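Data block below; observations after.
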Amino acid sequence: MDAHIVTEALALAESAASVREAAQVLREHYAQLRVVVVDAFDMRDEHPAAAGPTRTLYYGASDGHCWQVTSDPAQAAGFFLAEA
């Protein structure tokens with residue numbers, strides 16, 4: 001996943017009224033990516049892919065079964081999305 005996608009995804013997420021609406025917008029815009037809403041507290045030790053005033057994105061990677069946070073954009077197959 002390239003930096004342009006992350007920047008664009010954060011802008012889309014920031015434009016939504018709620019984190020749930022942000023997830024829906026991202027799912028519609030990036031149908032090939034998985035978008036999961038998570039609690040910010042659960043992500044406190046993770047490094048975000050992008051952070052704005054109201055939303056934070058983390059790269060999500062999957063081995064085909066389990067999902068995990070990754071800092072490697074090449075492994076990213078989706079986003080974990082949290083309120084900032």
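Need the full-extension length gain, E28 to Q75, defined as separation in residues times 0.36 nm minus the C-alpha distance. One decimal, nm. Numbers along the way, then the final one.
Numbers: separation 47, 0.36 × 47 = 16.92 nm, distance 2.11 nm.
Full extension of this stretch gives 14.8 nm more.
Report the full-extension gain for the segment D39 to R20: residue separation times 0.36 nm, less the Cα-Cα distance, to one decimal in nm.
Values: separation 19, 0.36 × 19 = 6.84 nm, distance 1.17 nm.
My answer for the length gained is 5.7 nm.
Where a ≥ b ≥ c are the square roots of the eigenvalues of the C-alpha gyration tensor, would you call region 18-84 rounded, which needs a/c under 1.5, or, failing that, prolate if a/b is larger than b/c, or oblate? In terms of gyration-tensor shape, oblate. If only the Cβ of Lys and Arg carry +1 and only the Cβ of Asp and Glu carry -1, the dipole of the chain around its Cα centre is close to 140 debye.
Rule-based calculations on the coordinates, nothing more; no lab input. Remember, it's a predicted structure, so these values are computed and weren't measured experimentally. Here the Cβ is made from the backbone with ideal geometry for all residues, glycine too, and neighbour counts use every protein chain on show.
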